[in-house]
1. Convex hull volume of the Cα atoms in the range 60-128, per residue, in Å³?
2. Neighbour counts of other C-beta atoms within 10 Å: give me L25, L64 arranged from fewest to most.
3. Can you sort V103, V45 so the residue with the fewest Cβ neighbours within 10 Å comes first?
4. Roughly how many nanometres apart are two label points built 7 Å out from the Cα toward the Cβ at T80 and R11?
5. What is the range 60-128's relative contact order, in percent, from Cα pairs under 8 angstrom and six or more apart in sequence?
6. How much length, in nm to one decimal, is gained on full extension between Q21 and R46, taken as 0.36 nm per residue of separation minus their Cα-Cα distance?
Amino acid sequence: MTSGYESHIDRLIREAQEQGQFDNLPGAGKPLPDRGELYDEDWWVRSLAQREDLAGGIPPTLRLRREIEDFPATVRRYRTEERVRAAVAELNDRIEHANRGHVEGPPVVLRPLDVDAVLRAWRGRAGSGRP
């Protein structure tokens, strides 16, 4: 037995179905994205970046964080201790600037690099003959 009452929403849905507005929608018959994967708390950031095509638009504070992570590989290419010291000083200036909130992007608290530790690692690589 069916009820004679049809809500406004139900009527709109029924009419749209009859007009074929739900036919051939993108993704029809496909599984939901990320189904069965582990939960990622940053899912919304990745989704936004993909949807808005922000792959190249990484905020400067996050680029700085990545640069710090890659810094050991960067200084391996330098030939002189003076060049390594200058690179550490320049990076530490930018870290201080970012820590004070003068750089666009999410706030960060980054530890300045210890020039002596960087030099020890650089000398160790240079003395070992490894690239």
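What follows draws every value from the coordinates through simple rules; no lab data is involved. The model shown is predicted, which means the values in this text are computed figures rather than measured ones. In this analysis, Cβ positions are derived from the backbone assuming ideal geometry, glycine residues included, and neighbour counts consider all displayed protein chains.
1. Roughly 71 Å³ of hull volume per residue.
2. The order, fewest Cβ neighbours first, is L25, L64.
3. Exposure proxy ranking, most exposed first: V45, V103.
4. Going from the T80 label point to the R11 one covers 8.4 nm.
5. Worked out over the range 60-128, it gives 41 percent.
6. Stretched fully, the Q21-R46 segment lengthens by 6.0 nm.
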